[in-house]
Amino acid sequence: MKSIHAAAAITLVSIIAAGCKPAPAPEAPPAAPAEVAPPPAVEAAPAAAELTVSKSVSINATADAVWAKTKDFNNLNGWHPAVAKTEIVEGTNNTVGAVRVLTLAGDAPATIKEKLTAFDDAGKTYSYEIVEGALPVSGYSSTFVVAADGADKATVTWSGRFMRADTSPTPAEGKDDTTATTTIEGVYASGLDNLKKLLETK
């Protein structure tokens, strides 16, 4: 009888002990998915920049003599060594709106079409723009000025604004900013150097 009571007591103790065990901890909620960083914004490709070139030369001759040599819009070949022929194809020479075609010197001559946009005989200056042609530029406009520098000396300034020929974000070789700038610098320098030589040669 005692053994039955002992067994019952043990069983009761086991049940009580089991009931006193702490409840299992609740499961942690699933972690929120990590946020995915958005891809970096793609910057817009830079537009082609406007480029400028300006060259000047001092010539030992009167401003009138220099202007007389250079003012004829139909005679760039008269002083620029790179031009073999100049021809007015539209309008009247030395009148705003006149269009000339330059045939460049060389074994495979190319042409450039230019339009006169301003002409000031008294002020000894004119401006023009390229309509189409072989130079690696676009949106080209230029001004040519002769200014007196004393009684028997003049300064000639030739300047231009333009963009490269290929205005896309990744210009093709030979149509980039460096090529455009270097080409125009060469055009101005060779023309002004030869003009000085022609007018100062006795």
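The values are calculated or read from the model by the stated rules, or taken from the named source; none is laboratory data. Please read these numbers as outputs of a predicted model, since none were measured by experiment. Neighbour counts run over all protein chains shown; Cβ positions are idealised from the backbone, glycine included.
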Next on the checklist: Going by what's in this entry, would residue 48 be described as at pLDDT below 95, surrounded by 11 or more Cβ atoms within 10 Å (Cβ to Cβ) and within 30 Å of residue 181 (Cβ to Cβ)?
Outcome noted: yes
Checklist entry - Hey, residue 175 hits all of (1) outside any strand (DSSP E or B); (2) surrounded by 13 or more Cβ atoms within 10 Å (Cβ to Cβ); (3) touching a residue at least 40 places away in the same chain (Cβ under 8 Å) but one; which does it fall short on? => result (3)
Item to check | Neighbours by Cβ (under 6 Å, 6+ apart or cross-chain): first from the range 95-119, more than 14 Å from residue 133 (Cβ to Cβ); second exposed (fewer than 13 other Cβ atoms within 10 Å of the Cβ) and β-branched (Val, Ile, Thr) | outcome: 98/92
Next on the checklist: Of all residues being of a type in the set (Ser, Thr, Tyr) and more than 16 Å from residue 83 (Cα to Cα) in the range 172-202, which is farthest from the chain's Cα centre (by Cα)? Just the residue, please.
Outcome noted: 201
Item to check | Output for the range 113-161, where each listed residue is under 16 Å from residue 187 (Cβ atoms), in a loop (DSSP other than H, G, I, E, B) and touching a helix residue (DSSP H, G or I) at 6+ places or on another chain (Cβ under 7 Å) | outcome: 135, 136
Item to check | residue 23 being part of a helix (DSSP H, G or I) and modelled with pLDDT under 95 | outcome: no
Checklist entry - In this structure, is residue 98 surrounded by 14 or more Cβ atoms within 10 Å (Cβ to Cβ) and of a type in the set (Gly, Ala, Ser)? => result yes
Checklist outcome for this item: Across the range 162-172, the tally of residues that are surrounded by fewer than 17 Cβ atoms within 10 Å (Cβ to Cβ) and either assigned to a strand (DSSP E or B) or among the small types (Gly, Ala, Ser) (or both) stands at 2
Next on the checklist: With the requirement that a residue be without any contact (Cβ under 8 Å) to a residue 24 or more places away in the chain and under 18 Å from residue 132 (Cα atoms), what does the range 68-89 give you?
Outcome noted: 83, 85, 86, 87, 88
